[in-house]
């Protein structure tokens, strides 16, 4: 996740206007300099959450027709370099979101205005009403993800037991709860779950443990060595300055072998 009704309505209109002038996708393959991350480095773990129901909206977002990480080529090559460094430490990157079709951001706008919040949604927003997420900077109506230069990710300890899977029929604690009580993500304990709209999810949050802080610093440092910059309100969000450009709205399709 990266306003009041009037603000959100104007944001939705802005997205609609933006989509009308977005750079077009080619009929075949990916447009511009986009690539499937699997073609750059298949060892990087992927769990593209907006292609599933395991996210704050509770369903796949518009444009996510496949759970594939799509990025600009330069971004992919730099992620490969990060992965190579981590592999020597028995660690791996795990991608939660990469390129995001602009229509998915509009889908988030509509979701924020639907007038109700479910218990599952509150797991991600335990203290903040979803109508406030835009104003507070957790959701953007025009996301840098749509340029192919922004990413949501975490670290996986390859020596640990990562077998626990998300069970949609189970009731989990909210994203700020201890790791054993919240929904499993098959990754190291960063102090909150992914997409947790809470001060505890801020990268430098003082309320986390020393070990959780160490993992966050380790991730930020590894990404920084390849030029990626972290967003201070989301420990999982990184971007590569200068690699963006125009926003796109082509849907994410299954990768062809």
Quiz item: Can you name every residue in segment 168-191 that is surrounded by fewer than 16 Cβ atoms within 10 Å (Cβ to Cβ) and either within 27 Å of residue 77 (Cα to Cα) or modelled with pLDDT under 95 (or both)?
Solution: 168, 169, 170, 171
Practice problem: Go over the candidates 213, 170, 256, 218 one by one and state the one that is farther than 21 Å from residue 120 by Cα and more than 20 Å from the chain's Cα centre (by Cα). | Solution: 256
Quiz item: Going through segment 16-49 one residue at a time, which ones are in a loop (DSSP other than H, G, I, E, B) and either under 14 Å from residue 97 (Cα atoms) or modelled with pLDDT of 95 or more (or both)?
Solution: 41, 42, 43, 44, 47, 48
Quiz item: Do we have residue 58 as over 20 Å from residue 195 (Cα atoms), at pLDDT below 95, part of a loop (DSSP other than H, G, I, E, B) and out of contact with any strand residue (DSSP E or B) (no Cβ under 7 Å at 6 or more places or on another chain) here?
Solution: no
Quiz item: For residue 154, are the conditions met, namely being crowded, with 21+ Cβ neighbours inside 10 Å, more than 13 Å from the chain's Cα centre (by Cα) and within 21 Å of residue 69 (Cα to Cα)?
Solution: no
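The values are calculated or read from the model by the stated rules, or taken from the named source; none is laboratory data. Note that the coordinates shown come from a computational prediction; the quantities given were computed from them, not determined experimentally. Heads up, the Cβs are rebuilt from the backbone with ideal geometry, glycines too, and the neighbour counts pull from every protein chain shown.
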